[in-house]
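Data first, discussion second: the structure below is written as structure tokens.
The values are calculated or read from the model by the stated rules, or taken from the named source; none is laboratory data. Keep in mind the model is a prediction, meaning the values are calculated, not measured. Here Cβ is always computed from backbone atoms with ideal geometry, including for glycine, and neighbour counts include all displayed protein chains. What goes into the accessible areas is simple: the full protein's heavy atoms, side chains included, and nothing from ligands, DNA or RNA. Shrake-Rupley method; radii C 1.70, N 1.55, O 1.52, S 1.80 Å.
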Amino acid sequence: GVDVRVILDASPKWNPDTKALDGEPNPKNQAAFDYLKTQGIPVVYDSMEQQTHSKLVIVDDLIAFVGSNNWTYSALKKNLEISVLIRSAGHNRELSELYEEWWAAGEKQQEWEPSRSAALEERRKNR
């Protein structure tokens, strides 16, 4: 069998009128969250402490694909992005351990909370 779990970025929707984050989740991520849940795939939002931008796929600790580029046509064909394929059981076990930490932090934040918008807006301002 295949064990699939997904951690989604919980960044709220950007409001171009107010130039601030509003209190609602990003509609695309919320749609993905809802769809994955209805398909029985475990899914969580990332923790409030850190925004997840990395993309990580681990196959049996043998192969890992890791990078920060989005999985879109532009990112994969037009932009200057970089990701790596790792074939090292030792390194991939470390990545698995890191993923487990991210998952545990995300499990504490199962559903969207409007307070996330204020916290994320503050983090965005302080970058």
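Would you call Ala119 farther than 26 Å from Val2 by Cβ, open to solvent by less than 70 Å² (accessible area, probe 1.4 Å) and either at pLDDT below 90 or aromatic (Phe, Trp, Tyr) (or both)? Yes, satisfied. Filtering Leu8, Leu36 for residues that are in contact (Cβ under 8 Å) with a residue 40 or more places away in the chain and surrounded by 14 or more Cβ atoms within 10 Å (Cβ to Cβ) leaves a single hit, Leu8. Being surrounded by 12 or more Cβ atoms within 10 Å (Cβ to Cβ) and modelled with pLDDT of 90 or more is not true of Val84.
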